[in-house]
Structures are given as structure tokens and as C-alpha cells.
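Below: the structure, in C-alpha cells.
Please treat every number below as a calculation from the coordinates, not as lab data. Quick caveat: nothing in here was measured; it's all calculated off a predicted structure. All Cβ positions, glycine included, derive from the backbone under ideal geometry; neighbour counts span all protein chains shown.
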Amino acid sequence: MSGSLFPTQEIGSLARPRWQTLGTRDGGWDADAQAEFSRWDEAIGFARDLPDARNAVLAGRAAELAPEAVRDLGALFGLRFLETVGLDRVYDGEARRIEMYEYPIRRMTGFRLEGHVRSFDSKYYRKATVVDRVGLEHPLHVEEFDFVRRHAKAEPKLPLTGPYTLADWSYDEYYLARQPGWKGPAARRAAKREFVVDLARRAVRPTVLALVEHGCRTIQFDEPAAGTHPEETDLLVEGFNAATEGIDAEFLMHVCFSDYRALLPGLLEAKRCRQWAWEFANRDGDGADGYEVLRTLREYPGHPSIGLGVLDVHRDPVETPRQVAERIGRAAKYLGDPSRLWVNPDCGLRTRRLEVARAKLEAMVAGTRLARAEFENPRR
């Protein structure tokens, strides 16, 4: 780690560069895509690990590359993008994934894909109906992680979509039909519980076991649906526990854009969760204190560490290093224990242009250094 306090990490996906998007389609690259590739390769040297592919692009022969070679380059781009900023924990920006729901669902059995729905930004994904008992064709993300592990210089942290969110974002025909009698609130809750646990045991857990076998030590469960139904925190926790029970790895849970007070104390029952990665910067400012909620955690000794969101991922203005340092200092004061803080953006930066994302991450790392210096060498 870069220091004893406030290690830094990524928290989600990055926007795909234009050259990667075009390079996996039939139309191929254009001059702007090739120029973008060259510009970023000069800045962060991401393509040097794949010299044949790099040379083909720089020689104007990008059309010769197979889509998988382009995806490899995209994964290296995401990895070096995050590493060269100076983060302690990194991944590849989820370069190979369509998005966080449809991508895993397509690799499971028991689902029927339906039409497109809009996510919180301008992206769309196909929602699915569960029509049979959930299963898994092949453990998720294993080849993806193997590639990252071979090329990573910093510590890799793999994100995956948690079972509660996969269930909550799906239509349910199969599990609800298994409930006898009237399909009222009690039957719907029982059906959802069975759905979540099946996803955890029959899809997510085999994936986690395979990843650990391949050397993955840190796995982040992404559960954005948790905050929309705080009354179902027990289902969220049961799914997490079923997926992780008895597995030797470090597990994190990322819940974004929520009233975290509403998830407590139930969230404490996620027994193997070592860190809660939460969003704060989005609600900080204009007279509001986005970090005051951390005072609540003093009521729960022994809670997991906190992945502290210090970058607003929904706005382009770049935070200053001093602003980041002030947020870290304020959070440490409210929490009462600075050693329990990691530093990260609120969520994935895929909604920001790559240049903006880079500037924000650079400010985050610089601000973290300021905060670290102030805590390790306090003025007398």
C-alpha cells in the first residue's frame, strides 16, 4: 500500500474508449479512433504488453485485429488507466462487460431475456424473466480475472453483481409460481427470498469459489438495489452470506446512493463483509454534509471498514485535492477511527468522459496524500 492510512481503490466501471467500441464492431476503426488510441498509449503506455496488436494499430492495420484482441487491449487500457493514477487496488474498468446486470444473466440458466430498459444514465440493458430454477453455465469473470492478474502491477479487486440486485432487477415467474395460494405480499417476499438464495448458492457462490481458486483475494459485491428496499436488508444479507460462507477471501459490499441509516443494524449480519463501499460526495455541498451519516456507525463497534466516496461521479467539475483531503478529514472525525477508511469515487466513473475521470482520480490521489500527511504528521 502507498501508506498506512487511507489506501485508495477503484469502485466500478470506466467509459469505454471509442477505439474499443468501434474495434469490436463490423465497421472497424476510423481515423479518430486510431488517434485516440495513440494518444492514450503515449500517455499511459497501456498497449506495450501486447506488442503485436499495438504495432498493428500504430501501423494503420487495426482492422486486422480480432474483437477479442481489441477487448484485451481495452482491459489493459482500464488497468493502466487506474494504476498510473496511483491507486492501491485496481481492476480493468470492467472493460469486457456489457454492464452489470445483463452480462451475468446471459451466462446463467433459467432466464428469458425481455426488452430493453434504461439504467440511471443514458445506457440500456435487457431485463430478464426467471422462468426456471437458476443455474450457471460457467463461473463468471474467471478468464477476465486471469488476464488482469497476469498484467496487474497493483493489487486487483474484482467486482461482481450481488444476488440481491440480480433478483430485484428481474421479473419473477418461476419462484412466485411455486408459492401456494394467493400471491400477496407474504408470498412475494417468500418467492424473492428463494430467488435470492438460489442465485447466491447456484450462480454467485460457484463463481466466487472459482475466482478464489484462481488466486483472487478481494471480491466486491455490487448491490445497488439494496437502498431501494431497505425493508429487505435481511434478504440482501442472506444472499451475501450464502454466497460467501466458509470461503477464505476478503469480501466488500458496494451499495451506492442510499440512506445508509435505513440499512442498519441489519447490514451488520453480513458476517464476512470486511468493508462497506458507500457514496458520500454526491450529497455533499449546498449546505448539506454528505459525511455526517458516519456518526451513526459509532453506535456499532466492530463494523466493517468504509470505502469512502470522495468524488461525485455525476458531475464534470473536478474536485480539488484540498477538497478531497477535507472530506477525508471530516469523515475520519465523524467515524472516530481514520484507520478504518479507504478512499474511492462514489461509484463507477463510466458516466464521465475519460479525460474527466482521469482528472478526478488524480485529484483523489493527491488529496489522499495531503490527508495522509496531515494525519501522520499532525501540527503541534
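In table form, for the structure just shown:
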{"read-out": "Unit charges at the beta carbon, dipole of region 95-376: most positive-side option, LEU252, THR161, PRO224", "value": "THR161"}
{"read-out": "Helical segments meeting 30 Å axial Cα length and Kyte-Doolittle -1.0 threshold in the chain (DSSP H)", "value": "354-376"}
{"read-out": "Stokes-Einstein diffusion coefficient of region 227-380, Kirkwood radius over Cα pairs, 4 °C, 1.567 mPa s, in µm²/s", "value": "79"}
{"read-out": "FRET efficiency for GLU376 and ARG295, using Cβ-Cβ distance with R0 set to 22 Å, rounded to 0.05", "value": "0.40"}
{"read-out": "Förster radius 41 Å - calculated FRET efficiency between GLU213 and ASP52 (Cβ-Cβ, nearest 0.05)", "value": "0.85"}
{"read-out": "For region 285-338: Kirkwood Rh in Å [reciprocal of mean 1/r, alpha carbons]", "value": "12.3"}
{"read-out": "Rh by Kirkwood over Cα pairs, then Stokes-Einstein D for region 124-189 at 1.002 mPa s and 20 °C, µm²/s", "value": "142"}
{"read-out": "Loop trypsin sites (Lys or Arg not before Pro), region 139-238, which have at most 10 other Cβ atoms in a 10 Å radius of their Cβ (DSSP)", "value": "LYS153"}
{"read-out": "Virtual spin-label span in nm between GLU143 and ASP234, 7 Å along Cα→Cβ", "value": "4.2"}
{"read-out": "Charge dipole (debye, nearest 20) of region 95-376; +1 at Cβ of Lys and Arg, -1 at Cβ of Asp and Glu", "value": "420"}
{"read-out": "Quarter of the Cα convex hull surface for region 93-163, i.e. its orientation-mean projected area (nm²)", "value": "5.7"}
{"read-out": "Helical contribution to [θ] at 222 nm, DSSP H n ≥ 4, -39,500 (n - 2.57), averaged over the chain, rounded to 500", "value": "-11500 deg cm²/dmol"}
{"read-out": "P(r) histogram, all alpha-carbon pairs of region 11-154 included - 5 Å bins from 0, percent", "value": "2, 9, 17, 19, 18, 15, 11, 6, 3, 1, 0"}
{"read-out": "Separation of the TYR334 and ARG112 label points, Cα + 7 Å toward Cβ, nm", "value": "4.6"}
{"read-out": "Neighbour-count order for MET108, MET253, MET364, fewest beta carbons within 10 angstrom listed first", "value": "MET108, MET253, MET364"}
{"read-out": "Sequence of GLU99, GLU279 once ranked by neighbouring C-beta atoms within 10 Å, starting from the fewest", "value": "GLU99, GLU279"}
{"read-out": "All lysines inside 29 Å of LYS183 as judged from Cα atoms, apart from same-chain residues fewer than 8 positions distant", "value": "LYS127, LYS192"}
{"read-out": "Net length gained if the chain between GLU68 and GLU99 were fully extended (0.36 nm per residue, minus Cα distance)", "value": "9.4 nm"}
{"read-out": "Whole-number D in µm²/s for the chain (Stokes-Einstein; Kirkwood sum over Cα pairs; 20 °C, 1.002 mPa s)", "value": "99"}
{"read-out": "FRET E, pair ARG25, LYS183, Förster distance 45 Å, beta-carbon r, rounded to 0.05", "value": "0.55"}
{"read-out": "Extension gain, GLU355 back to ARG315 (0.36 nm per residue minus Cα-Cα distance, nm)", "value": "13.1 nm"}
{"read-out": "For region 180-337, size of Cβ-based charge dipole, Lys and Arg +1, Asp and Glu -1, in debye", "value": "320"}
